[in-house]
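Here is the structure we will look at, set down as structure tokens.
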Amino acid sequence: MEALKCVNCGAPLPEPKEGEEYVKCEFCGYVNRISESADYMEKLKMEVMGWLQSIVPAQVISSSSAVDAVSRHNIFVTTVKPNLLSQHLEASSKVAGLISMPMLFLPFWDVSISVDAGHPKEAFEGIAKLESLKPLAVVDEDARFLNKVIATQYTYAYFSNFVDLLKNGKKDPKLLANNFKKIREAFENVENAEAPKLRFEALYRAYMSIDAMMSGDMGGAMEGIRTAIEMLERSKAEAAKNPEYIPMVPAIEKEIRIARAIESLVDGLSAVPDPMEGLMKVQRFFEVSENARKVLSTQYHIDASDFGRYRGIMEEVRNVMRAKAGEPAINVIGGPRELMLPFWRVQLTYTFTTGSLFWKKGKAITDELLILATVPYASRAITDIFKMKPKGGMFDGFLGKEASMTTGYLRDLMGAVRRSSVSSGTKIVPPLITSEEAKLFSDWYIGSVARATSGKVKFGVSRLMGIVYLGAEVRGDDVFIPELKEFQVSVRGHLRNLMKAAL
């Protein structure tokens, strides 16, 4: 029995069971009425015949088996091959563009795909037309060329299906995995293609790992994602050695970071008593963090488009889950409170000039500031350590006796950081920004201080020291953190989102 094809995407359908009226496409998820699919097949056959008649003499079509091999070879070389070359080059160009973009995403993410991959149905119909030419490819050279064109078209068709799924918000990991499995198979007989074979097998396994995670099978998810990471690493090494596949390397590197993020997420979910409940909380966290990612781009002009940024964030999500399961996995200051907020620690070195005339001298200081890692959900995110100067004599500035431009309170406070677990009922917000993004906010703050002091304060290198969590008291629409004393931050207007993002 000839395989039915999906009326939505054109991909082959699984063989229906006896008595079934409907069959679901394994590549786009569309539920086909079998009778409609059969009608589509008849229509497609007529289209293929019409296309074939446009490029091959009618007598060859009606009796191809009666035409001798030499004649069929001549027809293929003089008539068919020139028509296929432009089609093959176009499909190859589109495939080359597609393989240079990262293709691993979590279903919680708002993925924007700008590449034009066409409609998969047109691509699959193109395969049917190409396969109708096989009786003419009687010489090995002709058969190899036609098989290569068909393989490229298969690759393009399943890529097109993958892109179409994402563009339409259909992020079922099993559907995505099935498309990559077929893409991997299309490369089976392509020479010197170890890099894409490994990569697309890895992506198949990664999406099956995500499917296992979404089903609560954390053991299967961890095994799958670790295998995928190992394959991606090998694919990257192979691609770096092959000029044809070198353009894949940056995309593979991003996929490795994303796979590591998934590994951390699975590891965290494995630690909690109810992984499915944990997954629901993670989904709410991503609803907030994905909106934050957009705001960073639109309002702060920070490029947060690389989903690989979630690698470090997911490591903290894992740590939070493990801490709530009783493991000393997060850095904290103070005791547990209603809500625990994440801060990036930033170590600053700065110099300033004190004194006048022959009392004039320069001094170097090391201090720390904290950046609330929930930006953009913060109305005041940075602990302004330069707003208060240490107490001193009236003439200290003139006599060169100023010891510092900051009190050093937060630097001393950081000495109380400890690795700790927390009770399972504590609400903890994981960071929404990466260390690189926190460094940008630190630099902006440093620049504002330098301008405000008219150059009196000059800064050296600032260094990120990791995440620390501080307990906050909820007061109306804002929070108060006793340990910060006069260096408070504010989340006024954003508390609701932070409570939603809390694990």
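The values are calculated or read from the model by the stated rules, or taken from the named source; none is laboratory data. Predicted, not measured: the structure shown is a model, and the values here were computed from it. Cβ: placed from backbone, ideal geometry, glycine included. Neighbour counts: every protein chain shown.
Let's see how each residue does on (1) modelled with pLDDT of 95 or more; (2) buried (at least 21 other Cβ atoms within 10 Å of the Cβ); (3) in the same structural domain as Arg144 (by TED's automatic domain parsing):
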{"site": "Ile183", "(1), (2), (3)": "no, yes, yes"}
{"site": "Glu188", "(1), (2), (3)": "no, no, yes"}
{"site": "Asn192", "(1), (2), (3)": "no, no, yes"}
{"site": "Arg199", "(1), (2), (3)": "yes, yes, yes"}
{"site": "Tyr204", "(1), (2), (3)": "yes, yes, yes"}
{"site": "Ala228", "(1), (2), (3)": "yes, yes, yes"}
{"site": "Leu232", "(1), (2), (3)": "yes, yes, yes"}
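Where helices (runs of 4 or more DSSP H) fall wholly inside region 15-134, the ranges with 3 or more residues that are surrounded by 13 or more Cβ atoms within 10 Å (Cβ to Cβ) are 34-55, 69-75, 81-99, 120-131.
Contact list please: Cβ distance under 6 Å, first residue in region 267-296 and under 14 Å from Gly219 (Cα atoms) and of a type in the set (D, E, K, R), second residue modelled with pLDDT of 95 or more and buried (at least 16 other Cβ atoms within 10 Å of the Cβ), pairs at least six apart or on different chains. So the pair list comes out as Asp267/Arg318. Residues in region 200-222 that are within 15 Å of Pro275 (Cβ to Cβ) and assigned to a helix (DSSP H, G or I): 11 in all. Restricting the first member to region 173-202 and to residues that are more than 20 Å from Glu253 (Cβ to Cβ), and the second to residues that are in a helix (DSSP H, G or I) and β-branched (Val, Ile, Thr), the beta-carbon pairs closer than 8 Å and six or more apart or on different chains are Pro173/Ile210; Ala186/Thr152; Ala186/Thr155; Phe187/Thr155. Among the residues of region 331-341, those that are in a strand (DSSP E or B) and within 14 Å of Met414 (Cα to Cα) comprise Asn331, Val332, Ile333.
Only one of the numbered conditions (1) more than 21 Å from the chain's Cα centre (by Cα); (2) of a type outside the set (D, E, K, R); (3) farther than 23 Å from Cys25 by Cβ is not met by Phe187, and that is (3). Here the condition is being in contact with a Pro (Cβ under 7 Å, 6 or more places away or on another chain), modelled with pLDDT of 95 or more and hydrophobic (A, V, I, L, M, F, W, C); of Leu265, Leu269, it holds for Leu269 alone.
Counting the residues of region 100-125 that are of a type in the set (A, V, I, L, M) and within 21 Å of Val149 (Cβ to Cβ) gives 2. Would you please list the contacts, defined by Cβ atoms under 6 Å and residues six or more apart or on different chains, that run from a residue in region 123-143 that is in the same structural domain as His73 (by TED's automatic domain parsing) and farther than 10 Å from Tyr154 by Cα to a residue that is of a type in the set (A, V, I, L, M, F, W, C) and in a loop (DSSP other than H, G, I, E, B)? Filtered contacts from region 123-143: Ala143/Ala137. Checking each residue in region 105-118 for being within 18 Å of Tyr158 (Cβ to Cβ) and either of a type in the set (Gly, Ala, Ser) or at pLDDT 90 or above (or both) picks out Phe105, Ala117, Gly118.
Keeping to region 378-418, report how many residues are of a type in the set (Lys, Arg) and modelled with pLDDT under 90. Residues flagged as of a type in the set (Lys, Arg) and modelled with pLDDT under 90 within region 378-418 amount to 4.
Per-residue answers, yes or no, for (1) among the hydrophobic types (A, V, I, L, M, F, W, C); (2) surrounded by fewer than 19 Cβ atoms within 10 Å (Cβ to Cβ):
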site: Thr298; (1), (2): no, yes
site: Arg311; (1), (2): no, no
site: Glu316; (1), (2): no, no
site: Asn319; (1), (2): no, no
site: Gly326; (1), (2): no, yes
site: Ile330; (1), (2): yes, no
site: Gly335; (1), (2): no, yes
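Look at (1) assigned by TED's automatic domain parsing to the domain that holds Tyr204; (2) under 27 Å from Ser421 (Cβ atoms); (3) out of contact with any Lys or Arg (no Cβ under 9 Å at 6 or more places or on another chain) and you find that Met280 fails only one, number (1). Going by the conditions given, is Leu136 modelled with pLDDT under 85 and under 25 Å from Leu4 (Cα atoms)? Criteria met by Leu136.
Restricted to region 394-503, the set of helices (runs of 4 or more DSSP H) holding at least 1 residues that are surrounded by fewer than 19 Cβ atoms within 10 Å (Cβ to Cβ) and more than 31 Å from the chain's Cα centre (by Cα) comprises 396-399, 409-413, 435-452. Residue pairs whose Cβ atoms lie under 9 Å apart, sitting 6 or more positions apart in sequence or on different chains, and linking a residue in region 204-231 that is in contact (Cβ under 8 Å) with a residue 40 or more places away in the chain to a partner that is buried (at least 23 other Cβ atoms within 10 Å of the Cβ) and of a type in the set (Lys, Arg), are Ile225/Arg205. Output yes when any residue across region 248-261 is among the hydrophobic types (A, V, I, L, M, F, W, C) and over 18 Å from the mean Cα position of the chain (by Cα), and no when none is. No, region 248-261 contains no residue that is among the hydrophobic types (A, V, I, L, M, F, W, C) and over 18 Å from the mean Cα position of the chain (by Cα).
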